[in-house]
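Scroll down for the structure; my scribbles are underneath it.
The values are calculated or read from the model by the stated rules, or taken from the named source; none is laboratory data. Just so we're clear, the structure is a prediction, and the values are computed from it rather than from any experiment. Note that each Cβ is placed from the backbone with ideal geometry, even for glycine, and that neighbours are counted across all protein chains shown.
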Amino acid sequence: MVTGSAGHLGEALVRVLRDGGYEVTGIDVRPSPCTTVTGSVADRGVVRDCLAGAAAVLHAATLHKPHVGSHGKQAFVDTNVTGTLTLLEEAVAAGVGSFVFTSTTSAFGRALTPRAGEPAAWITEDVTPRPRNIYGVTKTAAEDLCELVHAEHGLPVVVLRAARFFPEGDDSDEVRAAYPDGCVKANEYLYRRADVADVADAHLRAMDRAARIGFGKYIISATTPFTPADLAGLRDDAPAVVRRLFPDYEAEYARRGWRMFPSIGRVYVNARARSDLGWSPRYDFRAVLDAVKAGQDPRSPLAQAIGAKGYHDRPTGVYTS
């Protein structure tokens, strides 16, 4: 069972699972080619029917950060908290063998922003979340529910805190005005972005290994080229650090009129996910740089096939569908 099947990640999961020979039930509040049942994850009757005979749940349905300005806090609680609890309880009742919950690196919130004069933050699973909005609050609450249900009922649950993988432009007016979209995304592969194909692969690996893991939380992001020794330099002069690691990047950036961010404030570390899940993400800054140098689309074929979906069905800023 895949929740949020009409969404960007949900569609990716349904496509990959079907290609792998799995029988998939997709549930979403919006109809789509990947949606089998149109309904809410907070509707217990709908969830119970969808879970009949299911071996695994991949729970990607959520209200996202872009919905903070268009939906009230109660809507976030209803979908992200109540919906997750409903799925967990019904998964236990149905005897589901593994449950994968799609969380977000936004859960770290204020922990992502170092104070003035401090080096960039090295973000691992050991960093304590400090949510900055209702999206982060409800996602961390849902993570806690996952851990509670595992402790009480033994349901194998893996939480994946995914970095940004959406194709829409940056939500910052300042960033969009200063940098071409392709440049922003290429820069982010150094520290906080992933391709949806790699994110989907992490979910399938988590599904397969959930029983032996029991309960775990993992950061899902492209493999960073940086080490803790780079953190001070990243905050003070990120282009110099990138130049040392990728001497060929400046010429290609100059040819395209791109610029590296002058400062990078945090770095997501995926080492634990690679180790525990046996996950090997394919798309990183080196892969993106090589692709653009060759005149190729740096996105995976899966990302290209899915395209952009948006988050709203009416004019709502940069994330409008």
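Within region 185-235, the set of residues being of a type in the set (D, E, K, R) and farther than 17 Å from ARG272 by Cα comprises LYS185, GLU188, ASP195, ASP230, ARG235. Figure legend. Inter-residue proximity from region 163-177: first residues of a type in the set (Gly, Ala, Ser), second residues at pLDDT 80 or above, beta-carbon distance below 6 Å, spacing 6+ or different chains. Indicated pairs: ALA163/THR105; ALA163/ARG192; ALA163/ARG193; ALA163/ALA194; ALA163/SER221; ALA163/TYR268; GLY169/ARG176; GLY169/ASP181. Suppose we filter region 262-321 for residues that are at pLDDT below 95 and polar (S, T, N, Q); how many remain? Number of matching residues: 3.
Taken together, the residues in region 144-167 that are modelled with pLDDT of 95 or more, within 14 Å of the chain's Cα centre (by Cα) and either in a loop (DSSP other than H, G, I, E, B) or not small (Gly, Ala, Ser) (or both) amount to 5.
Residues that are touching a strand residue (DSSP E or B) at 6+ places or on another chain (Cβ under 9 Å) and closer than 15 Å to HIS203 by Cβ: which helices (runs of 4 or more DSSP H) entirely in region 1-95 hold 3 or more of them? Spell out how you get there, then give the answer.
Working: elements: 8-19, 44-51, 73-76, 83-94.
Where helices (runs of 4 or more DSSP H) fall fully within region 1-95 and carry at least 3 residues being touching a strand residue (DSSP E or B) at 6+ places or on another chain (Cβ under 9 Å) and closer than 15 Å to HIS203 by Cβ, they are 8-19.
A count restricted to region 98-118 and to residues that are buried (at least 17 other Cβ atoms within 10 Å of the Cβ) and either out of contact with any Pro (no Cβ under 8 Å at 6 or more places or on another chain) or not hydrophobic (A, V, I, L, M, F, W, C) (or both) stands at 10. Only residues that are assigned to a loop (DSSP other than H, G, I, E, B), without any contact (Cβ under 8 Å) to a residue 60 or more places away in the chain and not basic (Lys, Arg) were counted across region 121-143, and they come to 5.
Taken over region 183-196, the criterion of being surrounded by 22 or more Cβ atoms within 10 Å (Cβ to Cβ), closer than 17 Å to VAL267 by Cβ and of a type in the set (A, V, I, L, M) is satisfied by ALA186, LEU190, ALA194.
Contact map, region 1-21: residues that are surrounded by fewer than 24 Cβ atoms within 10 Å (Cβ to Cβ) paired with residues that are among the acidic types (Asp, Glu) and assigned to a helix (DSSP H, G or I), Cβ distance under 9 Å, separation 6+ or inter-chain. Pairs shown: VAL16/ASP201.
Within region 76-103, how many residues turn out to be farther than 17 Å from VAL29 by Cβ and either of a type in the set (A, V, I, L, M, F, W, C) or touching a His at 6+ places or on another chain (Cβ under 8 Å) (or both)?
The number of residues fulfilling the criteria is 10.
Considering region 130-152, and only residues there that are more than 14 Å from THR84 (Cβ to Cβ) and out of contact with any Pro (no Cβ under 9 Å at 6 or more places or on another chain), the residue that is surrounded by the most Cβ atoms within 10 Å (Cβ to Cβ) turns out to be ILE134.
Looking at this structure, is ARG30 surrounded by fewer than 18 Cβ atoms within 10 Å (Cβ to Cβ), farther than 23 Å from CYS146 by Cα, among the basic types (Lys, Arg) and touching a residue at least 24 places away in the same chain (Cβ under 8 Å)? When the stated conditions are applied, ARG30 passes them. Among the numbered conditions (1) closer than 20 Å to LEU302 by Cα; (2) in contact (Cβ under 8 Å) with a residue 24 or more places away in the chain, the only one that LEU51 does not meet is (1).
Taking first residues from region 264-292 that are within 13 Å of ARG193 (Cα to Cα) and partners that are surrounded by fewer than 17 Cβ atoms within 10 Å (Cβ to Cβ), the Cβ contacts under 6 Å between residues at least 6 apart in sequence or on separate chains come to VAL269/THR124.
Within the set THR82, THR3, THR35, the sole residue that is out of contact with any Asp or Glu (no Cβ under 9 Å at 6 or more places or on another chain) and within 29 Å of ASP171 (Cβ to Cβ) turns out to be THR82.
To keep it simple, each residue is scored yes or no on (1) out of contact with any helix residue (DSSP H, G or I) (no Cβ under 7 Å at 6 or more places or on another chain); (2) surrounded by 23 or more Cβ atoms within 10 Å (Cβ to Cβ); (3) not polar (S, T, N, Q).
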site: GLY154; (1), (2), (3): yes, no, yes
site: GLY169; (1), (2), (3): no, no, yes
site: ASP181; (1), (2), (3): yes, no, yes
site: ASP198; (1), (2), (3): yes, yes, yes
site: ARG205; (1), (2), (3): no, no, yes
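THR124 fulfils the conditions (1) of a type in the set (Ser, Thr, Tyr); (2) closer than 28 Å to GLY72 by Cα; (3) modelled with pLDDT of 95 or more; (4) surrounded by fewer than 20 Cβ atoms within 10 Å (Cβ to Cβ) except for a single criterion, (2). Beta carbons closer than 7 Å, at least 6 apart along the sequence or on distinct chains, pair a first residue in region 104-119 that is closer than 20 Å to PHE76 by Cβ and small (Gly, Ala, Ser) with a second that is in a helix (DSSP H, G or I) and at pLDDT below 90 for SER106/LYS65; SER106/TYR135; SER106/GLY136; ALA107/GLY136; GLY109/GLY136.
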